[in-house]
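Visitor: Below are the structure tokens for one structure; questions will follow.
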Amino acid sequence: MKKLILSVFMLSYCMLTAQNVLNTTLIDIPYIGNNGGAHLLNWSFNDDNSEIYLYTYSHINGSQIITNQKEITEAEEQHNEKSLVGKLLSSASIDNMFENTVIPVVHEKIINADDLSSVSSKKLLFHKVDDVPNDKSVYFKRSSGMIDVSFPFETGSEIKYHYQDINVPLKYAPKYNEDILTLSYIELRGEGFLGLKNIKPTLVSKRGFFTYDNSKGYISKTETTDIAMLSDDDRLKGYDFIQNSDQVFDKTYLAWFVNEDDLSKYRQVIADEKGNLTINSFDFDAPRKLKIFNKAVYNKDLELTGIINVFGYDKKGKKNKDLYPVNRFDIIYTNPNGEIVFNTKIDHGTEKKYKNVITPILVLEKDNRQLKFINNHIESLFKSNYERFNLNKEGTTELISSKKYFEIKNDARINYYDYLSDFDRIDKIGDFYVVRKVIAEEIEVPETGSNSSISTQKKETDTRINLTILDENFEPVDFKSFSVDSSIIGKLNFQTIETNDNEIVFLARKENLYYIVKINQTSSSIPKVEFFPLDIEYAKSSTPILYFGAFTQNFALVDKKTREIYLINQFYDYKTYNAKVIDKVGITKIGY
């Protein structure tokens, strides 16, 4: 086994070297609509990453008139004394939309990705008239008393595009009504004062998407749809949903139910995105307890191959110890669609120490007949072992190694629990694996709204990023721990920049704090890990949460070819317009 290298870094702010911050720019967001400014922002590269397209959205009040130039000319000949507005009204047919309505406004700003200079900008109105006759167009009429939005559009300006066709003139804007994010989960709905009676688990789907609202213009929106009321299925009558047993793998949803009167009868529910249910029945010879549910199984390249579920001893089955000793476990291995690969029994632990002896950190498939467990063998509150064992479908186990669940190096104790148990992510680099886990702590902060200077409350905040390097046999060979500013309350968000056999790079953001972690593999030696807090000037005074609407999966643009990262920070103007509108945007370009 490779020699364990211990490197624990408790870093404060050491600034990223100046040459990594390549350029910055501060962009004014124009006065484009209701309350004077934009209420939504998003951005994108063009096809070759040479330009950045920045979109801001608002709306104005006005009227839409359906007419054509011929009708306007005829009206002009008949009513020369009238104003252009009068001519438009005279020429408009009775079914035209004269009334005051919300008309969406979009501003497109194009920025050169190389030097962050401005390339061009334009502002467009979009109409809401469906089925415009082929020989007519939609024209804009200003509302009386409308605020000056410094527009190139005056009464009589043609509005060329329907709001659903935003991507015709604005190619890199979000696609209308297209999902930005989807999520499926079980929602427990009950009756009574606290909703605890007659609980019915319902499979629901939530989507976030870019769309249009009649009163606000373009917005990001969430929508929840019921897919299936699980308890209504006749095969689940008399069964209770086991809380926290639900899990989504790609487009497959899994959950567990137990018979309300008989703990030896379990049902595994597999649902697809349309709500079609497959139900696996597991009837044991004695009451059992679901100990580990829906644990992912990977191959050596970290591709999902299946899921395991582990059943163990339940005290209601103590009369059946001849069939089920307390240290006997049922292990059910299914593929990601819930089809059973094998179902076997193993004995693990002892009659005195059995409750948590199978607590998998990671499970690997060697082939369809064998699984490799990286396991936290918990004997008591103060004693655990890091063990590796193989399991075949016949129930035969082979212990590979076992050692204490911590390391002592240079008088420092490295508790594996802080690094490996319930980790957040695992990546492969060369022959090694990198496990990431975020540590959160409760800290004392001033109580909100308190008049007392000494009144405090406890709030949880992410304080450290812990990384573990595992060798090809999944033995820990290196540990890193990086501190993040605990004075800023919040959760860390991550964005993966690179992940391949030679390099892993990821960004971390906590409110207005940014960090970059680089892991490099240059030979057969243990990968090198570097951690840099980023000194982003615009982040120090900008609004912490990006105002992209409800959903944004990535907070940075990345050009992998040039190895450059673009970060955005927003500044709001509350005083001028007495509303939350975007005033400026700062863009920082970083090399990695």
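Visitor: Going through I378, I340 one at a time, which residue ends up being touching a Ser or Thr at 6+ places or on another chain (Cβ under 9 Å) and open to solvent by 80 Å² or more (accessible area, probe 1.4 Å)? Show your work before the answer.
Guide: Working: I378 fails: open to solvent by 80 Å² or more (accessible area, probe 1.4 Å).
When all the criteria are applied, what remains is I340.
Visitor: Name the pairs whose Cβ atoms lie under 7 Å apart, with the first residue in the stretch 363-378 and of a type in the set (K, R), the second open to solvent by 10 Å² or more (accessible area, probe 1.4 Å) and not in a strand (DSSP E or B), and 6 or more positions between them or separate chains?
Guide: Close Cβ pairs satisfying both conditions: R369/K393.
Matching residues to (1) under 24 Å from S205 (Cα atoms); (2) touching a Leu at 6+ places or on another chain (Cβ under 6 Å):
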residue	(1), (2)
A286	no, yes
K289	no, no
F293	yes, no
G306	yes, no
N309	no, no
G312	no, no
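Visitor: Which of the residues spanning the stretch 504-519 are more than 10 Å from F532 (Cβ to Cβ) and at pLDDT 95 or above? First the steps, then the outcome.
Guide: Keep residues of the stretch 504-519 that are more than 10 Å from F532 (Cβ to Cβ), which gives 504-513, 519.
If the condition is that a residue be more than 10 Å from F532 (Cβ to Cβ) and at pLDDT 95 or above, then I504, V505, F506, L507, A508, I519 are the ones that fit.
Visitor: Please enumerate the residues belonging to the stretch 230-278 that are open to solvent by 40 Å² or more (accessible area, probe 1.4 Å) and basic (K, R).
Guide: Going residue by residue through the stretch 230-278, those that are open to solvent by 40 Å² or more (accessible area, probe 1.4 Å) are 232, 234-235, 237, 240, 243-244, 246-248, 250-251, 260-263, 265, 272-274, 276, 278.
Passing the criteria: R235, K237, K251, K265, K274.
Visitor: Can I ask one more? For the stretch 281-293, how many residues meet the condition of being part of a strand (DSSP E or B) and modelled with pLDDT of 95 or more?
Guide: First pass over the stretch 281-293, keeping only residues part of a strand (DSSP E or B): 281-283, 288-293.
Within this subset, residues satisfying the condition of being modelled with pLDDT of 95 or more are 281-283, 288-292.
Residues flagged as part of a strand (DSSP E or B) and modelled with pLDDT of 95 or more within the stretch 281-293 amount to 8.
Visitor: While we're on this one: Could you say which residue among I429, I497, I443 is over 18 Å from N376 (Cβ atoms) and either touching a Phe, Trp or Tyr at 6+ places or on another chain (Cβ under 9 Å) or surrounded by fewer than 12 Cβ atoms within 10 Å (Cβ to Cβ) (or both)?
Guide: Values: I429 fails: either touching a Phe, Trp or Tyr at 6+ places or on another chain (Cβ under 9 Å) or surrounded by fewer than 12 Cβ atoms within 10 Å (Cβ to Cβ) (or both); I443 fails: either touching a Phe, Trp or Tyr at 6+ places or on another chain (Cβ under 9 Å) or surrounded by fewer than 12 Cβ atoms within 10 Å (Cβ to Cβ) (or both).
It is I497.
Visitor: Check the stretch 137-152 and report whether any residue there is open to solvent by 50 Å² or more (accessible area, probe 1.4 Å) and touching a helix residue (DSSP H, G or I) at 6+ places or on another chain (Cβ under 6 Å). Walk me through how you get there before you give the answer.
Guide: Start the filter on the stretch 137-152 by keeping residues that are open to solvent by 50 Å² or more (accessible area, probe 1.4 Å), which leaves 142, 144-145, 147-148, 150, 152.
Now restrict to residues that are touching a helix residue (DSSP H, G or I) at 6+ places or on another chain (Cβ under 6 Å): none.
Within the stretch 137-152, not a single residue is open to solvent by 50 Å² or more (accessible area, probe 1.4 Å) and touching a helix residue (DSSP H, G or I) at 6+ places or on another chain (Cβ under 6 Å).
Visitor: Pick from I340, I408: which is of a type in the set (A, V, I, L, M, F, W, C) and out of contact with any strand residue (DSSP E or B) (no Cβ under 7 Å at 6 or more places or on another chain)? Reasoning before the result, please.
Guide: Numbers: I340 fails: out of contact with any strand residue (DSSP E or B) (no Cβ under 7 Å at 6 or more places or on another chain).
One residue alone meets the criteria, I408.
Visitor: Determine which single condition K318 fails, assuming it passes every other condition in (1) surrounded by fewer than 18 Cβ atoms within 10 Å (Cβ to Cβ); (2) in contact (Cβ under 8 Å) with a residue 24 or more places away in the chain.
Guide: Unmet for K318, out of (1) surrounded by fewer than 18 Cβ atoms within 10 Å (Cβ to Cβ); (2) in contact (Cβ under 8 Å) with a residue 24 or more places away in the chain: (2).
Visitor: Here's another thing I want to ask about it. Select from the stretch 262-278 the residues that are among the hydrophobic types (A, V, I, L, M, F, W, C) and within 29 Å of the chain's Cα centre (by Cα) and write down the one among them that is nearest to G338 (Cα to Cα).
Guide: Initial filter on the stretch 262-278 (among the hydrophobic types (A, V, I, L, M, F, W, C)): 263, 269-271, 277.
Next cut, within 29 Å of the chain's Cα centre (by Cα) only: 269-271, 277.
Working: V269: 8, I270: 6, A271: 9, L277: 11 Å.
Selected residue: I270.
Residue by residue, here is whether (1) more than 30 Å from S523 (Cβ to Cβ); (2) in a loop (DSSP other than H, G, I, E, B); (3) not aromatic (F, W, Y) holds:
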{"residue": "N375", "(1), (2), (3)": "yes, no, yes"}
{"residue": "E379", "(1), (2), (3)": "yes, no, yes"}
{"residue": "E394", "(1), (2), (3)": "yes, yes, yes"}
{"residue": "S401", "(1), (2), (3)": "no, no, yes"}
{"residue": "V445", "(1), (2), (3)": "yes, no, yes"}
{"residue": "T463", "(1), (2), (3)": "yes, no, yes"}
{"residue": "T468", "(1), (2), (3)": "no, no, yes"}
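Visitor: May I pose another question? Sort out which residues of the stretch 492-514 are under 21 Å from T562 (Cβ atoms) and assigned to a strand (DSSP E or B), and write them in order of number.
Guide: Q495, T496, I497, E498, T499, E503, I504, V505, F506, L507, Y514
Visitor: Moving on to the next point. For K393, indicate whether it is surrounded by 15 or more Cβ atoms within 10 Å (Cβ to Cβ), charged (D, E, K, R), modelled with pLDDT under 95 and touching a strand residue (DSSP E or B) at 6+ places or on another chain (Cβ under 6 Å). Reasoning before the result, please.
Guide: Values: surrounded by 15 or more Cβ atoms within 10 Å (Cβ to Cβ): yes; charged (D, E, K, R): yes; modelled with pLDDT under 95: yes; touching a strand residue (DSSP E or B) at 6+ places or on another chain (Cβ under 6 Å): yes.
When the stated conditions are applied, K393 passes them.
Visitor: How many of the residues in the stretch 31-52 are open to solvent by 30 Å² or more (accessible area, probe 1.4 Å) and either modelled with pLDDT under 90 or touching a Lys or Arg at 6+ places or on another chain (Cβ under 8 Å) (or both)?
Guide: So the count comes out to 5.
Visitor: Just to be sure I understand, how many residues within the stretch 282-307 are more than 22 Å from the chain's Cα centre (by Cα) and without any contact (Cβ under 8 Å) to a residue 24 or more places away in the chain?
Guide: Within the stretch 282-307, residues that are more than 22 Å from the chain's Cα centre (by Cα) and without any contact (Cβ under 8 Å) to a residue 24 or more places away in the chain number 1.
Visitor: Among (1) exposed (fewer than 12 other Cβ atoms within 10 Å of the Cβ); (2) in a loop (DSSP other than H, G, I, E, B); (3) among the acidic types (D, E), where does E472 come up short?
Guide: Only one criterion is unmet by E472, namely (1).
Visitor: Just for the stretch 158-194: of the residues that are of a type in the set (A, V, I, L, M) and touching an Asp or Glu at 6+ places or on another chain (Cβ under 7 Å), which one is surrounded by the most Cβ atoms within 10 Å (Cβ to Cβ)? Outline the logic, then answer.
Guide: We begin by selecting, within the stretch 158-194, every residue of a type in the set (A, V, I, L, M); these are 159, 166, 168, 170, 173, 180-181, 183, 186, 188, 194.
With touching an Asp or Glu at 6+ places or on another chain (Cβ under 7 Å) added as a condition, the list becomes 170, 186.
Numbers: L170: 18, I186: 22.
Top of the filtered list is I186.
Visitor: Select from the stretch 185-215 the residues that are out of contact with any helix residue (DSSP H, G or I) (no Cβ under 8 Å at 6 or more places or on another chain) and within 20 Å of P174 (Cα to Cα) and list them in ascending order.
Guide: Selection gives K206, R207, G208, F209, F210, T211, D213, N214, S215.
The values are calculated or read from the model by the stated rules, or taken from the named source; none is laboratory data. The model shown is predicted, which means the values in this text are computed figures rather than measured ones. Quick reminder, even Gly has a Cβ in these numbers, built from the backbone with ideal geometry, and neighbours come from all protein chains shown. To get the accessible areas, we keep the full protein, side chains included, count just its heavy atoms, and leave off ligands, DNA and RNA. Shrake-Rupley method; radii C 1.70, N 1.55, O 1.52, S 1.80 Å.
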